Every structure is written in structure tokens, then in C-alpha cells.
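Right, one structure below, let's go through it.
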Amino acid sequence: MIYADTAATTKLHPDAYKAMMPYLDARYFNPSGVYQNGVDIRRAINKAHASIGRALSCKANEIFITSGGTEADNWAIKQFMCDGPGHIITSSIEHKAVLNSCATLQKMGWEITYLPVDKNGFVSPADLDAAIRSDTKLVSIMLANNEVGTIEPIKELCTVTHSHGVPFHTDAVQAVGHIPINVNELGVDFLSLSAHKFGGPKGTGALYVRQGKIATFIDGGGQEMGRRSGTENVPGIIGTAAAIEIATSHLLCDMAKLSAKRDRLINGIISLDGVMLSGAPAGEHRLPGHASFIIHGVDSETLVMDLALKGICVSAGSACSSGTGKPSYVLRAMGYTEKEAWCSLRITIDLSTTLAEVDEIVTAVTGSINKNRKEVHT
Ligand code: PLP
């Protein structure tokens with residue numbers, strides 16, 4: 001089996017697994033306990049906050065653990081809910097965790113502006129500047145897109161947003177652990193991340209909050225500095241910290257190696273007839289392990305199923321929107337026709353993918369395209 005769907009989820013890193021194990025077993029104590037074993041767990045949680053903070057160049061008390069990227073996005077978007085209806089700006093290619101959070105606010109009387117993107121999936125800082133109003137409460141633009149791998153110009157978008165005195169959130173779920181992130185260089189006020197996208201456990205993530213200033217999301221016993229109560233998911237928190245340390249320890253070197261594999265994959269596939277790359281061109285504005293295509297004349301589901309039969313795990317686009325019976329809204333927003341948006345293929349790899357596997361994927365995709373195009377025409 002060749003697993004090439006790492007944008008959907010990644011394998012738990014063996015060292016993250018090792019770090020978590022004691023907390024699923026002997027170190028089961030309540031982190032709020034006043035006895036020594038409880039105090040030790042609290043220390044381990046605090047250390048984990050600090051590790052996550054170091055990876056983003058922020059303080060430990062600016063990291064709030066969540067149940068994953070979806071929750072972090074919900075919290076960031078809904079934080080001003082009690083301040084009465086206002087205006088939020090986002091993009092038309094965000095993950096559903098952001099779009100559906102905005103939709104909920106819309107039902108409560110909020111107005112939402114969905115910024116357009118260009119053919120490569122980029123949001124324009126000028127469009128953002130023109131969209132900001134006196135009642136805009138938040139701008140939320142993703143750092144990297146899950147379907148097409150485009151890395152948005154967050155620093156510029158943030159500068160524009162701040163020039164109007166408005167705070168900025170970014171969904172960095174696809175980016176953390178894959179490209180260097182410094183919240184101060186970017187200037188963001190809120191940033192969402194998810195552990196299972198960089199070798200950590202599923203069901204754990206975090207929201208970075210500048211100076212820790214955010215409304216409480218879950219009321220209860222006061223965990224996570226009183227903002228997100230509930231007995232902590234200790235193994236998840238420890239695993240997230242271990243995974244982020246591993247993922248960021250040799251990041252520049254890993255990125256160079258992975259981008260070379262990605263480029264070999266992209267070049268092999270776009271050399272085929274009727275195939276084009278979707279999203280940003282291979283280079284610094286594209287995620288290092290991300291390749292996505294429009295394959296004319298072959299329906300995505302057929303292609304993905306055919307590759308699955310050959311033992312190759314890829315996807316048609318977003319992990320979360322497959323099976324909706326609708327073509328990708330991301331590709332539609334990028335200007336692809338409905339027909340083209342049905343013909344997408346996403347292949348996402350990591351450092352464990354070998355060059356031989358990359359070549360095997362190219363050969364298998366070539367065979368599947370030829371076979372299925374033939375079937376369409378006969
Ligand atoms: N945001 C983006 C860009 C994603 O790709 C995903 C997951 O695919 C999420 C948010 C949701 O993250 P989680 O699976 O941790 O809830």
C-alpha cells in the first residue's frame with residue numbers, strides 16, 4: 001500500500017506515540033490534583049504548551065488546547081458572538097470549519113463577506129482592503145489550502161487588516177509542521193492548528209491567541225486558563241507537543257527534500273495529456289508535500305477508486321467534503337467549470353514517501369487515466 005493522502009491525516013509519529021504511552025497508562029492522574037502525581041501531570045501539560053508555543057514563536061500562555069482544527073476555527077470565528085451582529089470577512093475557499101461557523105453567525109444576523117480568489121487560489125490584499133468596514137469584527141483567511149496547496153500571503157493580508165484596527169485569524173491546519181511559522185512575523189492574532197496533520201494524534205489541536213485575549217469558549221472547571229474547561233486530554237496534549245517538536249526540528253532541510261519529491265510527482269503527472277496542476281505553481285507558495293490536478297475526461301471518484309484497487313491511497317480533494325455529491329467549491333471559486341471541478345485529484349506525500357513510490361504513483365495514475373478515458377469514449 002502507498003499512502004499518499006497526508007493532507008487528510010498523517011500516521012502518528014513513533015516518538016509521539018512513545019511520549020503519549022505513559023499518559024495512557026501509569027500517568028493517569030488528574031492534572032488538577034494537588035498530590036504530587038497530579039502536580040507532575042500539570043507540569044507536563046505546561047511543558048507541552050511551551051513546546052507548542054516555541055514552534056510558533058509565542059508564549060506558552062498564548063496556546064489554548066482544543067479538540068482539533070475544527071474546534072479552534074469555531075472558537076476563533078464565534079468569539080465575538082455575544083457582541084451583537086457585526087461583519088466578518090473570510091475567503092470562498094476556506095475549510096468548512098470556518099465556512100460553517102460563519103454560516104451559523106449569519107443565521108444570527110451577522111454579515112459575512114466571502115472574498116474571491118484568483119485561478120491559483122490566492123486572496124488579493126487589495127480586495128481585502130476594499131471589503132473592510134467600520135463594523136468588521138474579524139478577518140479569517142487560511143494559511144494554506146487543503147485542496148490545492150496554495151499558501152496565502154498572510155503577512156500582507158494581516159498588515160492590511162491591522163491598518164483598519166481589525167484582528168486577524170488564520171486557519172493554519174495544513175501549514176503547521178510543514179512550513180516555518182512565526183506568529184510575530186506573520187502578525188496574526190489567532191491561529192488554528194491540528195495535531196493529526198503533522199504526525200500527532202487525532203482529536204487534539206490548539207488555538208494561538210495573541211496575549212491570551214479571547215472570550216471563554218467552554219464553561220466549567222476553569223482549565224486552559226479558564227477559557228476552555230474540561231479535564232485535559234493529557235495523552236493528546238503530550239503527543240501534540242512531541243509531534244510539533246519533531247516536525248519543526250529540521251524543517252527547512254525536510255522541506256527541501258519533500259519539495260523535490262513533490263516536483264518529481266508533479267512533473268511526472270502534468271506531462272500527461274489533458275492534465276493540469278491546480279493551485280499555486282510548484283515553488284515557495286505551495287505546500288511542500290502537496291500535488292493536485294485537474295484531469296480532463298476522467299471523473300475523480302472513478303480515478304480514486306481505480307487507484308485504491310492498485311493499493312494507492314489518494315483523494316479527490318478535501319477529506320471532509322468527499323461524499324457530498326457536489327463538485328469542489330474550492331475549484332469552482334478558483335474559476336474552474338463544474339465539469340473540471342468533478343475531475344480533481346489530490347496526491348499528498350510526506351518524507352516517508354520514497355522516490356520509487358513517487359514513480360509508482362506516476363505509473364499508476366498514467367495507467368488509470370488511460371484506462372478510464374478509454375472507458376468514457378467506448
Ligand atoms: N482546516 C483545514 C484547512 C483542514 O484541512 C482541516 C482538516 O482537514 C480542518 C481545518 C479540520 O481539522 P480537524 O480535522 O483537526 O478538525
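The values are calculated or read from the model by the stated rules, or taken from the named source; none is laboratory data. What you see is a predicted model; the values in this text were computed from it and never measured. Here the Cβ is made from the backbone with ideal geometry for all residues, glycine too, and neighbour counts use every protein chain on show. Side chains are part of the model used for accessible areas, which takes the heavy atoms of the whole protein and leaves out ligands, DNA and RNA. Shrake-Rupley method; radii C 1.70, N 1.55, O 1.52, S 1.80 Å.
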Within the range 242-378, what whole-number % of the accessible surface is contributed by carbon and sulfur, with the 1.4 Å probe and all protein chains included in the calculation?
59 percent
Accessible surface of the range 1-154, 1.4 Å probe, proportion on carbon and sulfur as whole %
56 percent
Under the rule rounded for a/c under 1.5, else prolate if a/b exceeds b/c, else oblate, using alpha carbon gyration tensor axes a ≥ b ≥ c, the chain is classed as oblate
Can you tell me, using C-alpha contacts under 8 Å and at least 6 residues apart, the relative contact order of the chain as a whole percent?
22 percent
Charges on Cβ only, +1 for Lys and Arg, -1 for Asp and Glu, centred on the Cα centroid of the chain; of Thr10, Asn61, Ala175, which one is farthest towards the dipole's positive end?
Asn61
Which whole-number value in Å² is the accessible area per residue of the range 260-317, probe 1.4 Å?
39 Å²
Compute the accessible area per residue over the range 96-167, keeping the other protein chains in place, probe 1.4 Å, unit Å².
40 Å²
